[in-house]
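One structure is given below, encoded as structure tokens.
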Amino acid sequence: MLNKTGKVLYHTLGITIFICITVMFVLVFANVILRYVFNSGITWSSELSRYLFVWLVFLGAIAALKDNMHLSMDIVTDLLPPKVKKGCFVVSNLVVLYVLWLFFKGSWSMTFLTISRLSPATKIPLGLIYGIGIVSSIAMGGIVLGRLFQTIFKGKYNFKESSEQTKPLDQPHSKVGNY
């Protein structure tokens, strides 16, 4: 049940990211054409594109966390025994949870401080723009809590997050641009 819900939420996340990128592309492209061809433009286009970009970054951070694509330094932890490695994983994820809690509190305050203010061109309540902090901190917190639960209680989490990290490079780096 929980796995199916996670798949639906992840699929919804992907669709939302796609919609943000598509709307941004259409707005910016239309505005460029209108400015250079017809010497006019859509006044609210750049503002809405900027807000969509903010949402896109935070939604992308959720997707990156879910897929283990954030940067990590594992030089030291790779040398540790499995139990110590597991302990480091738990401690680091507890720190991440604390930071997400701080981010949630700040986003909550900012969202409700600005919910009655309207953006200049689109007249969108600014609280809706800052609300992505609430959404992303809750989603990322859920992902981290799920991983902690899997690690502590079920012992199922694999510490090699990506199979790409362990594969050797098939071809040497090209020397394009090195003169």
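The values are calculated or read from the model by the stated rules, or taken from the named source; none is laboratory data. None of these values were measured; they are calculated from a predicted model. All Cβ positions, glycine included, derive from the backbone under ideal geometry; neighbour counts span all protein chains shown.
Return the residues of the range 81-114 that are aromatic (Phe, Trp, Tyr) and under 12 Å from residue 132 (Cα atoms); say none if nothing qualifies.
If the condition is that a residue be aromatic (Phe, Trp, Tyr) and under 12 Å from residue 132 (Cα atoms), then 103, 104, 108 are the ones that fit.
Of all the helices (runs of 4 or more DSSP H) wholly in the range 66-171, which have at least 1 residues that are closer than 20 Å to residue 6 by Cβ and modelled with pLDDT of 95 or more?
Counting at least 1 such residues, we get 82-114, 132-149.
Does residue 62 count as outside any loop (DSSP other than H, G, I, E, B) and closer than 23 Å to residue 137 by Cβ?
Answer is yes for this residue.
For the range 29-48, which positions are in contact with a helix residue (DSSP H, G or I) (Cβ under 8 Å, 6 or more places away or on another chain), surrounded by 15 or more Cβ atoms within 10 Å (Cβ to Cβ) and in a helix (DSSP H, G or I)?
31, 45, 48
What number of residues in the range 106-153 are β-branched (Val, Ile, Thr) and without any contact (Cβ under 8 Å) to a residue 24 or more places away in the chain?
The number of residues fulfilling the criteria is 3.
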